[in-house]
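Taking it in order: structure first as structure tokens, then the write-up.
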Amino acid sequence: MSKEIDPYAALRFKEFNIFLGVRFAMVFAWSMQFIVIEWQVYSMTKDPLSLGIIGLMEVIPAVGMALFAGHIVDQKEKRNLLIKCILGFSVVSFGLFMLSLPSMESEMETKNILYGIYFLVFIGGLVRAFLGPTIFSLIALIVPKRIYPNAATWSSSTWQFASVLGPALAGFSISLIGVHWSMCVIFGFSILALLLLLKIPKKPILNAKIGEPVFQSLKEGLQFVFRTKAVFGALTLDMIAVLFGGAVALLPVFAQDILQVGSEGFGILRAAPAVGASITMLGSTRFPLHRNAGKKLLWAVAGFGVCIIVFGLSPYFWVSVIALFLSGAVDGVSMIIRQTILQLKTPDNMRGRVASVNSMFVGSSNELGAFESGVTAKLMGTVTAVVFGGAMTLLTVGVTAFVSPSFRRLDLQKDIDEHEKEI
């Protein structure tokens, strides 16, 4: 089998398999934790705006520290930096575990517990500012360049698979063992990630500009993103789509008040997009998406917008599940193409900074989207807010396709051929 079509190319590297285990455990814990927090906060307040505040508390430090985090990641050894990130997450998880003690609920006022949750989510945002760029940079030190597209697909697939199980288990876990012990499970997975990571040795620092002034370093990273049209176009399109299509932030409202399906139904709704994305990503290991990547990305984001509108209008549980499943399937296409663009077009010495910009554009737009959804739901009503978000996503696709013909013509095969020649 040729290397170009080998669907298991990245999995033939032992360290990459360990890395996937670390990523699975961390994403599982993080996604489960976010769902448990959402459920607990909405149960305490019955206010959709409180769900938006959760997203805002995480996105403020994640965006505020992103560029500086990217600079530090490019200057430091990646394995040890990731260890520190996981330890930071473990502290947050343990804090949430303590806040959810039954004795806390009886001894503390609801607003004080709420403030404590928001504070720990804020600390988690600081951790996340470093986590994404560190993981992105570490992948490039584990596998050779010629299989970056395959490694990006497996890494994204693992992320999505964990995102399926995390929310699904969160819903059932809340029902079976409650919020408190669900937080204990989350803490356990963070420790598992730490133990796995210790099996990966330290990696070399490929940045020749160690000690470079921070603002000069940040300027160089931003300039690269803005002058590389493929990178800038992909990030911008995904950012706006996720920002306005953040219907998942309102799922507790749909589960409890609109569809009335309880915590089990909430887990199914929350996991449906990740199930769809996982299937897409596993399929892409055999059917790569790098040819005509620009057109595929535009169609995928448009499909995402349509699915969000259908979900918002649906009064039926299983129609809502299918709409979310399909939204995840097309979002998986978007994620794979974006990650492939970043891996192929980013120089080794600035991966941390570019990944930080990516986290500002795309990763943090999830939380900003949660805040936007919470605010619009408060002002317009929940259903209208979701439909509005889907419509804005479709408008974004139309504008991007019209103003950027070069992005429509984007094809990544040339970049892959160039990396093959380096062998």
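Would you confirm whether any residue within the range 22-34 is out of contact with any Asp or Glu (no Cβ under 8 Å at 6 or more places or on another chain) and over 21 Å from SER182 (Cα atoms)? Give the derivation first.
Taking the range 22-34 first, the residues out of contact with any Asp or Glu (no Cβ under 8 Å at 6 or more places or on another chain) are 22-34.
Then keep just the ones that are over 21 Å from SER182 (Cα atoms); that gives none.
Within the range 22-34, none of the residues are out of contact with any Asp or Glu (no Cβ under 8 Å at 6 or more places or on another chain) and over 21 Å from SER182 (Cα atoms).
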Name the residue that is farthest from VAL248 (Cα to Cα), counting only residues in the range 272-321 that are of a type in the set (S, T, N, Q) and assigned to a helix (DSSP H, G or I). SER284
Are any residues in the range 225-240 open to solvent by 20 Å² or more (accessible area, probe 1.4 Å), more than 26 Å from VAL387 (Cβ to Cβ) and either aliphatic (A, V, I, L, M) or in a helix (DSSP H, G or I) (or both), and if so, which ones? PHE226, ARG227, LYS229, PHE232
Can you name the helices (runs of 4 or more DSSP H) wholly within the range 1-113 that have at least 3 residues being under 23 Å from VAL127 (Cα atoms) and not aliphatic (A, V, I, L, M)? 14-45, 48-75, 78-99
Name the residue, out of ALA25, ALA66, ALA29, that is modelled with pLDDT under 80 and open to solvent by less than 10 Å² (accessible area, probe 1.4 Å). ALA66
Those residues of the range 241-279 which are among the β-branched types (Val, Ile, Thr), open to solvent by 20 Å² or more (accessible area, probe 1.4 Å), at pLDDT 80 or above and closer than 17 Å to ILE174 by Cβ, in sequence order: VAL261, ILE268
When you look at LEU379, is it more than 30 Å from ILE54 (Cα to Cα), at pLDDT 70 or above and among the aliphatic types (A, V, I, L, M), yes or no? no
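The values are calculated or read from the model by the stated rules, or taken from the named source; none is laboratory data. Note that the structure is predicted; figures quoted are calculated from it, not measured. As a convention, Cβ positions derive from the backbone with ideal geometry for all residues, glycine included, and neighbour counts pool all protein chains shown. Please note that ligands, DNA and RNA were not included when accessible areas were found on the heavy atoms of the full protein model with its side chains. Shrake-Rupley method; radii C 1.70, N 1.55, O 1.52, S 1.80 Å.
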